[in-house]
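Visitor: I am attaching a structure below and will ask some questions about it afterwards.
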Amino acid sequence: EFYSSLSGIGGTDQEIAATKSYTNGIFDGADCTYTAVAGVVSYEALVIYVRNAGASTTWRLVAFIDTGVTGLPVTSNGGNIVVTWNASGIFAV
C-alpha cells in the first residue's frame, strides 16, 4: 500500500513525473537510466510510487513489477542499468 511497506529497497530513485502520461488506461513514461550502480546487488523488481512531501508512510504504491520484464533480475557491477519500458506503455488499468 505504501513505500514504507516494502523491505529490501535499494538503488536510486528515478523520476518519471515530468514525462508521465495516462491515456486510455495506459500509464507510460520515459525510459530510466541508473548511473554507475555500485556494489554487487541483485535487483529483482521495479517499483512505481507517488512521492509527496510527507514521510514514506504516505507515498502510495502504484505498481510493483517483478515478472514479465526482460533483464530482471539484474546484478549491479558498477555500470549503468537501463530500464526500457515497453513501447505500448508501462502498465494498463
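Visitor: If you scan region 31-42, which residues turn out to be open to solvent by less than 50 Å² (accessible area, probe 1.4 Å) and on the phi < 0 side of the Ramachandran plot?
Guide: The answer is CYS32, VAL37.
Visitor: Test of understanding: among THR70, THR57, which residue is without any contact (Cβ under 8 Å) to a residue 12 or more places away in the chain and open to solvent by 60 Å² or more (accessible area, probe 1.4 Å)?
Guide: Only one candidate qualifies: THR70.
Visitor: Being in a loop (DSSP other than H, G, I, E, B) and of a type in the set (Val, Ile, Thr) is the filter; apply it to region 14-63 and report the residue that is farthest from GLY79 (Cα to Cα).
Guide: Ranking the qualifying residues of region 14-63, first place goes to ILE16.
Visitor: Just one of ALA45, ALA87 is open to solvent by less than 60 Å² (accessible area, probe 1.4 Å) and either without any contact (Cβ under 8 Å) to a residue 12 or more places away in the chain or in contact with a strand residue (DSSP E or B) (Cβ under 7 Å, 6 or more places away or on another chain) (or both); which is it?
Guide: The unique qualifying residue is ALA45.
Visitor: Tally up the residues in region 73-84 that are outside any strand (DSSP E or B) and either in contact with a strand residue (DSSP E or B) (Cβ under 6 Å, 6 or more places away or on another chain) or surrounded by 15 or more Cβ atoms within 10 Å (Cβ to Cβ) (or both), please.
Guide: Total meeting the criteria: 3.
The values are calculated or read from the model by the stated rules, or taken from the named source; none is laboratory data. The structure displayed is predicted, hence computed values, not measured ones. Cβ: placed from backbone, ideal geometry, glycine included. Neighbour counts: every protein chain shown. Just the protein is used for accessible areas: all its heavy atoms, side chains included, with ligands, DNA and RNA removed. Shrake-Rupley method; radii C 1.70, N 1.55, O 1.52, S 1.80 Å.
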